[in-house]
Amino acid sequence: MKLGVVGLGSMGYGIAASLLRAGHEVCGADVNCEAVERLRTEGAMSEEIVTAAPDLHALVIVVLNSAQTESVLFSENGLAPKLTPGAVVICCVTVPPDFARAMAARCGAFGVHFLDAPISGGSVKAAQGKLSIMASGTAQAFEAARPMLDATAETVFKLGDSAGTGSAMKAVNQMLAGTHIAAMAEAITFGMTQGISPDTFLQVIPDCAGTSWMLENRAPHVVAGDYTPHSAVDIWPKDLGIVLDAARASKFSAPLTATALQQFIAASGMGLGREDDAAVTKVYARNAGLTLPGEE
């Protein structure tokens with residue numbers, strides 16, 4: 001089966017590599033030409049995605065935000081009109097639920113299915129083909145997307161028969177994930193003010209009730225002083241912004257999320273936007289006059 005993947009960052013590249021391992025023909029596209037060439041050396045098609053579009057059974061979108069998603073599909077050189085009716089767009093981007101619904105309707109006008117399919121699990125699970133996918137869409141969209149889902153996901157949650165519900169669930173997940181990262185940053189630096197080193201923190205807390213998946217995944221980055229981006233700081237102002245926009249529209253108060261958002265904005269303002277999101281810890285450390293591992 002021929003599949004296109006637009007967006008070859010840490011998540012998209014892992015998805016594309018998993019599709020190749022499963023024996024699919026893959027056409028990759030990204031503004032980073034080096035990522036495209038690297039994927040081609042691993043067996044991807046050499047054809048440009050605009051040319052390949054009419055032959056694609058599925059188009060997987062793993063770009064940064066809704067504006068980029070809309071551009072991929074409906075700009076002057078957008079791919080939606082070039083896809084053959086019956087093909088499916090699989091949108092793995094974190095976007096507002098209403099945006100996902102709008103994209104589904106616009107794709108449908110061309111006879112193209114749309115699966116609202118945001119992803120979770122990080123770059124490691126993307127590379128392993130073990131993502132969790134929160135998906136919603138028509139039965140036809142799920143059926144058309146099945147080869148991609150089988151190759152890239154450990155768990156697929158079927159959340160409804162129309163686009164939007166998958167993105168709503170991703171917003172709930174991001175609310176928790178973002179606040180958990182900020183809470184880890186606050187706790188590990190608070191511990192330092194009490195004479196508890198980050199290394200000791202990491203030895204103890206994962207075996208206690210206060211732990212979380214995000215703490216166990218991100219705190220080691222702080223202890224190692226390694227902020228190589230697996231998930232960048234700048235993702236969170238966008239994702240938590242989506243959460244708070246939805247909360248505001250529902251007249252729902254989300255004060256913890258709002259506070260976490262401000263910390264990520266502060267980190268981005270400090271020039272840390274392209275670092276791993278664990279770098280939000282540096283906001284707390286600098287405010288408290290602390291020296292983190294790797295900064296000695």
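The values are calculated or read from the model by the stated rules, or taken from the named source; none is laboratory data. Computed from a predicted model, the values in this text were never measured in an experiment. Neighbour counts run over all protein chains shown; Cβ positions are idealised from the backbone, glycine included.
Does residue 95 qualify as being of a type in the set (A, V, I, L, M), in a loop (DSSP other than H, G, I, E, B), in contact (Cβ under 8 Å) with a residue 24 or more places away in the chain and crowded, with 22+ Cβ neighbours inside 10 Å? Judged against the criteria, residue 95 is a match.
Every condition in (1) crowded, with 21+ Cβ neighbours inside 10 Å; (2) assigned to a helix (DSSP H, G or I) is met by residue 149 except one, and the failing one is (1).
When the residues of the range 101-124 are narrowed to those that are part of a helix (DSSP H, G or I) and of a type in the set (A, V, I, L, M, F, W, C), which ends up nearest to the chain's Cα centre (by Cα)? Break it down stepwise before answering.
Initially, the range 101-124 is screened for residues part of a helix (DSSP H, G or I), giving 101-108, 122-124.
Okay, now just the ones that are also of a type in the set (A, V, I, L, M, F, W, C), so 102-105, 107, 124.
Values: 102: 20, 103: 18, 104: 19, 105: 23, 107: 22, 124: 12 Å.
This residue is 124.
Okay, residues lined up against (1) outside the structural domain of residue 174 (by TED's automatic domain parsing); (2) part of a helix (DSSP H, G or I):
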site: 206; (1), (2): no, yes
site: 219; (1), (2): no, yes
site: 227; (1), (2): no, no
site: 243; (1), (2): no, yes
site: 257; (1), (2): no, yes
site: 263; (1), (2): no, yes
site: 284; (1), (2): no, yes
site: 294; (1), (2): yes, no
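Screening residue 255 with (1) in contact with a helix residue (DSSP H, G or I) (Cβ under 7 Å, 6 or more places away or on another chain); (2) free of Cβ contacts under 8 Å to residues at least 24 places away in the same chain; (3) within 15 Å of residue 175 (Cα to Cα) gives one miss only, at (1). Every condition in (1) assigned by TED's automatic domain parsing to the domain that holds residue 98; (2) β-branched (Val, Ile, Thr); (3) part of a helix (DSSP H, G or I) holds for residue 172 except the one numbered (1). Test residue 267 against the stated conditions and say whether it is under 12 Å from residue 188 (Cβ atoms) and either in the same structural domain as residue 183 (by TED's automatic domain parsing) or not in a loop (DSSP other than H, G, I, E, B) (or both). So residue 267 fails the test. Does residue 278 satisfy being crowded, with 19+ Cβ neighbours inside 10 Å, assigned to a helix (DSSP H, G or I) and touching a Phe, Trp or Tyr at 6+ places or on another chain (Cβ under 7 Å)? Here the answer is yes, as residue 278 does meet what is asked. The residue that is nearest to the chain's Cα centre (by Cα), counting only those in the range 267-293 that are among the small types (Gly, Ala, Ser) and closer than 18 Å to residue 195 by Cα, is 285. Exactly one residue out of 26, 60 is of a type in the set (A, V, I, L, M, F, W, C), within 21 Å of the chain's Cα centre (by Cα), assigned by TED's automatic domain parsing to the domain that holds residue 83 and under 18 Å from residue 114 (Cβ atoms), and it is 60.
Scanning the range 57-92 for residues that are out of contact with any helix residue (DSSP H, G or I) (no Cβ under 8 Å at 6 or more places or on another chain), in a loop (DSSP other than H, G, I, E, B) and of a type outside the set (D, E, K, R) yields a count of 2.
Within the range 99-118, the set of residues being over 12 Å from residue 168 (Cα atoms) and either in contact (Cβ under 8 Å) with a residue 24 or more places away in the chain or in contact with a helix residue (DSSP H, G or I) (Cβ under 6 Å, 6 or more places away or on another chain) (or both) comprises 103, 104, 106, 107, 110, 111, 112, 113, 114, 115.
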